[in-house]
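Below is one structure, written out as structure tokens; comments come after it.
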Amino acid sequence: MSVKYKRVILKISGEALSGSAGYGIDFETVNLIADQIKEVKEMGIQIGIVIGGGNIWRGREGIGMDRTTADHMGMLATVINSLALQDALERRGVETRVQTAIEMRQIAEPYIRRRAIRHLEKGRVVIFAAGTGNPFFSTDTTASLRAAEIDAEVILLAKKVDGVYDKDPMKFKDAIKFDKLTYLDVLNKGLGVMDSTATSLCMDNNIPIIVFNLTVPGNIKNVIMGQKIGTIVKEG
């Protein structure tokens, strides 16, 4: 079976874990995501995962709060999501490690780059939790940073929509989908694929980003096999 990518970062939004509820963790959805990850892992793909925390807490929701405190709360939300996905994967026989950017040794390993790469080489899935460990940085930036650190070939940006549009396709029926974009297109047009810091980091390290619909079964596998799904962002 021919695959295009051997080592990937899968970025999953926190909202994706909430299913139709829009808040919290929908375990049916988590199980469906875990099934897809298991399928890809059994193909010999090395998978690192970054999950957002927006289904539980967003730093910007803390109106009047100190921004650093609000962001730390968001980091903890990503740990909760990571543990939920780890549990779902391990119940399927997929050996998984959670590594956190903020130390919490009773719960997960601290993030150590060389250890993460060794886990991947041994066929384990590694979930990178607690963001970068710093306030003012999103989990998009975490995905870009970890991808650069572990030499991932691509970032798979899993969304609830099937690519990048010129405007919100949920609100505008005439929204136009892009098949290909450059990093500068994303930055100059403010398309919101990833935040500007994350996009710039990918551009500096020439890491392609593929935006695709996570809710379609088999899509993670299809993207890794090189099928033209969603929108790819890369150097022109």
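General remarks:
- Options Ile51, Ile56, Ile25: the member that is under 23 Å from Glu103 (Cβ atoms), modelled with pLDDT of 95 or more and over 15 Å from the mean Cα position of the chain (by Cα): Ile56
- Evaluation of Ala101 against the conditions (1) surrounded by fewer than 23 Cβ atoms within 10 Å (Cβ to Cβ); (2) farther than 18 Å from Tyr111 by Cα; (3) among the hydrophobic types (A, V, I, L, M, F, W, C) shows that the sole unmet condition is (2).
- Of all residues making up region 140-194, the number that are aliphatic (A, V, I, L, M), over 21 Å from Met225 (Cα atoms) and more than 16 Å from the chain's Cα centre (by Cα): 7
- Residue in region 104-122 that is within 16 Å of Ala198 (Cα to Cα), surrounded by 14 or more Cβ atoms within 10 Å (Cβ to Cβ) and at pLDDT 95 or above present: no
- Filter pass, Arg118 being over 16 Å from Ile47 (Cβ atoms), of a type outside the set (Phe, Trp, Tyr), part of a helix (DSSP H, G or I) and more than 15 Å from the chain's Cα centre (by Cα): no
- Single match in Val40, Val30, Val79 (criterion: more than 29 Å from Arg105 (Cβ to Cβ), buried (at least 18 other Cβ atoms within 10 Å of the Cβ) and touching a residue at least 24 places away in the same chain (Cβ under 8 Å)): Val40
- Some residue of region 8-16 being over 19 Å from Thr141 (Cβ atoms) and either modelled with pLDDT under 95 or touching a strand residue (DSSP E or B) at 6+ places or on another chain (Cβ under 9 Å) (or both): no
- Helices (runs of 4 or more DSSP H) wholly inside region 1-102 that include at least 1 residues being over 18 Å from Ala116 (Cα atoms) and among the polar types (S, T, N, Q): 27-41, 67-90
- In region 206-235, the residues that are in contact (Cβ under 8 Å) with a residue 12 or more places away in the chain reach residues that are of a type in the set (Ser, Thr, Tyr) with C-beta atoms within less than 6 angstrom, at least six apart or across chains, in these pairs: Val211/Thr231; Ile224/Tyr5.
- Within region 3-27, considering residues that are more than 13 Å from Val223 (Cβ to Cβ) and touching a Lys or Arg at 6+ places or on another chain (Cβ under 8 Å), the one surrounded by the fewest Cβ atoms within 10 Å (Cβ to Cβ): Glu15
- Under the condition of being modelled with pLDDT under 95 and of a type in the set (Ser, Thr, Tyr), the residues counted in region 69-101 number 1.
- Filter result (without any contact (Cβ under 8 Å) to a residue 24 or more places away in the chain and more than 19 Å from Ala198 (Cβ to Cβ)) within region 52-69: Trp57, Glu61, Gly62, Ile63, Gly64, Met65, Asp66, Thr69
- Answer from Asn205, Asn188, Asn213 - the residue that is more than 23 Å from Leu17 (Cβ to Cβ), modelled with pLDDT under 95 and among the polar types (S, T, N, Q): Asn188
- Flag for Phe137 being under 23 Å from Lys38 (Cα atoms) and under 15 Å from the mean Cα position of the chain (by Cα): no
The values are calculated or read from the model by the stated rules, or taken from the named source; none is laboratory data. Remember, predicted model here, so these are calculated numbers, not experimental data. Here the Cβ is made from the backbone with ideal geometry for all residues, glycine too, and neighbour counts use every protein chain on show.
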